[in-house]
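Take a look at the structure below.
Just so it is clear, none of the values below were taken in a lab; they were calculated from the coordinates. Owing to the predicted nature of the structure, the values given are computational and were not obtained by experimental measurement. All Cβ positions, glycine included, derive from the backbone under ideal geometry; neighbour counts span all protein chains shown.
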C-alpha cells in the first residue's frame, strides 16, 4: 500500500507516544533538523486520510501541560497503522541496504 | 498579541474554504496548531505560507469528498442494476423529448437572422379592421409613406414568387422575389460580387437587371467568375446580372434570384394588394413610435383618397414575427406538453431514489451515528442524482438527435425560411446541461432531505414489521404517483382531442374527388405564345396532348390550383344593394377551361359547363351553390347577373349560366369562402395550371406529363407537379404534426406513469410481506390478497384520474382555437382517456399483485 511521505513521518511521530497536532509537527521538525516543515493544512489533510484508512485513531481531548493545559485532541497509532508503518520502514531499510550494496552510498565501515 | 489575534481571525475566515465536515471536525485543532506555529516562528513568511497552505489544501479536500461520493454512488448503482438503468432511461426520455422541443424553439425563435441588427428590422403592413397580423401594402400607399415618414431609415416592398429562367434547352422555375431598390439597403447584407439595385434599375422602363443567389450561381452557372454583365432570360426578357448574394441570403424565405419591381401607380393601384413591406427603424426610434407615425400618415392618405381606401391602419412588427407568428401557439403548447413529460420523469426518479433511500436507511443511520453530517448524506444523494443526470443527458441527447429529424419529416419541405435551422449549437448544449442538472437536483431533493432527517433509533427499529416508520415517505411516494397519473391524463386528453381534430379534417368533404388527380403549373415563354389566340391555341394543344396520354381520363386548365390558390375580389349581384369595398364579400375566382368541373369532380347542380365558344360576348360566369343560396334563395340563379371588383370600377356584368357545388378554398376548415368561375377565353392568357385525372392504379404520371409537354416545346417550364392528395395532406401538416407529437408525449407519459405505479406497488408489496404472511396464515385466499393489492393501486389510479380529469376540464380550453369538430371538454374523448389509463394502470399493478400471493406465509412471518 502506497504511503505518502508526509503520512509516514506522522506515523513515525506517533510510534513512541500519543500526540496532538502541534506535537506531531514539533517532533517531525526536531527529527529532520527543520528540513520537513508541514503547514497546519497539510498536517490535517494527512490526518484526515490516515483516520479514514484506519491507520490512526482519535482520542478524547486531554489537557496538555506544555500548552497552558488547553484541551487538545490526541492521536494514536492503531495496530493496523503500526503494522503498515513497520512494513514501510523495512522497505526503506531494504532500499538503503541495496543502495549501499551498489555503491550509491558509502558502505558502513 | 493584537497582531496574533488578527492573524488568527483571518486564518479562521480562510477555514471557511474547507468543506463543512472538515471544518466541524478539525477547525479547533488546526487553529491551535496555527497559533503555536506562529508563536514559535512569528515571521511574515511563515504566516503567509500557512495561509497559502489553506488555499491549496481546501480544494483538494473538496475534490476528495466528491470523489468519495461518486465512487460510492457508482458502487451502489452497480449493485442495483435494474433500478439504475430504469432511472437513467426514464430521465433520458424526459430530457431527450424536452431537448427536441427546445431545438425547435431555438431554431425558430432564438437563432439569429442572416440580416444585421435584427432588432431594428421590421415588417410594415396594412391592417384591415378586425385583422391581427399585418398584411400587404399597396404600392401608392408605400410611396406616400416612404416619402412622408421620419421614423424609418428606409422602407421597401417585395413580392415573393417563382420566375422562369430560360436557357438554350430548358426552362426552370426558380423561387425568387421582386423587390423595390430600397429593400437591399434596408436588409444591409453586402453582395458576394457586384452591387445592389439602384434607383435607375427600378424605373418602369429600365432595362431588366437581376441579382442571383450564390447557390443558383454555383448550381446553374458553374460559379462563373465573369457572370456579371452576362445576360439571362427571365420569362421572355433578357436580364443583365449585376450582383451575386452570399449563400445565407435568401430573402424573404427561399428566393434564389431578385428582380426590381419596375412598377408604377397605374399598374399597381391603391387597391392592389400583393406586396409586403420591410423596413429599418431610424436610430433611436422604437417600433411603437414608427407605427403611430405611419398610422397618422395612413390617415392622411385615407383623407386624400377616400374612394380607394378602406378602414385600414398600419402595423409594424419585428421581422422575425412573419415566420414565428403562426407557429408560436403550436410551439408553446408543445413546450407545455413536454414540460409535463419531464415532470413525470422527475417524479419517477424521485420515487426511485426514495425507495433506494428507504432500503439504505439503516446504513445511512449508522453513517450518521459515526459522525457523517446531514450535509454529507444529502450530498451523497445529490451526487447520485447528478450521475444519473449525466448519463441521462448523454442518452437523452441521442434521443433528441434522432427525434428532431423525425419531426422535420412530418413538416412539408420549403415550409420554413432557410435561416431556420435545427442543427445542434451551443445554446442547445447549454440547455441539455441545465435541464439535466435541474432534473437531477429536483429528483434527489426529496430523498436527500428526508434521509438526512431521520435518526438512528427509528432506522434501527425499522423492519418490515413496521410500516408506519416511513409514513411520510410512503405518503410522498403515493402523492407523486397520483401526480404522474394526473399529468398523463392531461397529455392523453390533449392528444385525443388533436387526433380527433385531425381525423375530422381529413375526412372533410372537399367538394371534389382528390384521388387520381394531378396538378401542375405551366409557364410558357410569353414572346412565343402571345396573349390571345396564340396562347389559347397552346392551351388547347396541351390539353389534347395530355388527354392522349395512356391512363388519362380527362384534362382541364385553370388559373390556379384548387384549394391553394385563390384570386380574391369582391362581388356585386344585380338587383342587390351596392356594397362598398369593405362590406362586399370576398369571392375566390378561378379562370377555367371547359371540362374543369368534370376533371376535378365538382358536381354541376344547375345549368351547364363552359364551352370553347364562351369568350367575351356574351360575358358569362358560373357561381357556386353558396352564392346562389345567398342572393337568390329559393329560385334559380341561372340568367341572373353579377359583376366583380370594386363597384366604382364599373366592371361589365356577367350572366350566370351554371351553378356548381361548393369547394373549400384556402383551408379545409370551412366553406366560408365563395367560389366563382370564368371561361378562359374571356382572358388573354390566364391559364397557368393543368389538372389531370388518371385511372385508378396508374403509376405516378408526373414523368410522362413532363415529357409530353417538353415534346411540345422544351422552353415551357413545368413545375409543382403534385397529386391533389399530396396537396391536401400538406394543407393539414400542422394538425398532423401536432397530433403526432402530442400522441407521442401522451404515450410516453403513460409508459412513465405505469413504470412509476409499478415501482411503488412493487415496493409496497415487498414491505408488507409480513402482514400478508399473517393474513394468509389466518386463511385469506390468494384472490383476497390480490384484491388487497389491486385495491391499493386502484385508489392511487382513481385519485390521479379525478385530479387529471379536473385539470383537463380546466386546461384544454386553451386548445380551443386548434380544434375542429370537437369541443375541448368532449366527453367521449375524456372517457376514452380514462379507460386507457385505468387499463394500463391495472396491468402495471398486476405483477406486484401476483407476487404478493406467492409469498410463503412461514418465511414471511419469520422474516424481519
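Tabulated results
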| read-out | value |
| --- | --- |
| Residue within region B:156-168 that is outside any strand (DSSP E or B), more than 35 Å from the chain's Cα centre (by Cα) and buried (at least 20 other Cβ atoms within 10 Å of the Cβ) present | no |
| Some residue of region A:75-92 being within 12 Å of chain B (Cβ to nearest Cβ), more than 14 Å from the chain's Cα centre (by Cα) and either part of a helix (DSSP H, G or I) or touching a residue at least 60 places away in the same chain (Cβ under 8 Å) (or both) | no |
| Filtered residues of region B:608-635 (kept if assigned to a loop (DSSP other than H, G, I, E, B) and within 24 Å of residue B:593 (Cα to Cα)) | B:608, B:609, B:610, B:611, B:612, B:613, B:614, B:615, B:616, B:617, B:618, B:619 |
| Among (1) over 24 Å from the mean Cα position of the chain (by Cα); (2) over 28 Å from residue B:233 (Cβ atoms) - the single one residue B:530 does not satisfy | (2) |
| Every pair of residues 6+ apart whose Cβ atoms lie under 7 Å, when the first sits in region B:47-63 and is facing chain A (nearest Cβ under 8 Å) while the second is assigned to a helix (DSSP H, G or I) and surrounded by fewer than 20 Cβ atoms within 10 Å (Cβ to Cβ) | B:53/A:42; B:54/B:14; B:54/B:15; B:54/B:17; B:57/A:42; B:58/B:17 |
| Selected residue (criterion: nearest to the chain's Cα centre (by Cα)) from residues of region B:329-363 that are under 30 Å from residue B:108 (Cα atoms) and free of Cβ contacts under 8 Å to residues at least 12 places away in the same chain | B:332 |
| Some residue of region A:20-27 being within 18 Å of residue B:36 (Cα to Cα), within 12 Å of chain B (Cβ to nearest Cβ), touching a strand residue (DSSP E or B) at 6+ places or on another chain (Cβ under 6 Å) and surrounded by 14 or more Cβ atoms within 10 Å (Cβ to Cβ) | yes |
| Filter pass, residue B:843 being without any contact (Cβ under 8 Å) to a residue 60 or more places away in the chain, surrounded by fewer than 18 Cβ atoms within 10 Å (Cβ to Cβ) and part of a helix (DSSP H, G or I) | no |
| Filter result for residue A:52 (closer than 28 Å to residue B:46 by Cα and surrounded by fewer than 16 Cβ atoms within 10 Å (Cβ to Cβ)) | no |
| Of the criteria (1) more than 14 Å from chain A (Cβ to nearest Cβ); (2) more than 30 Å from residue B:336 (Cα to Cα), which one residue B:100 fails | (2) |
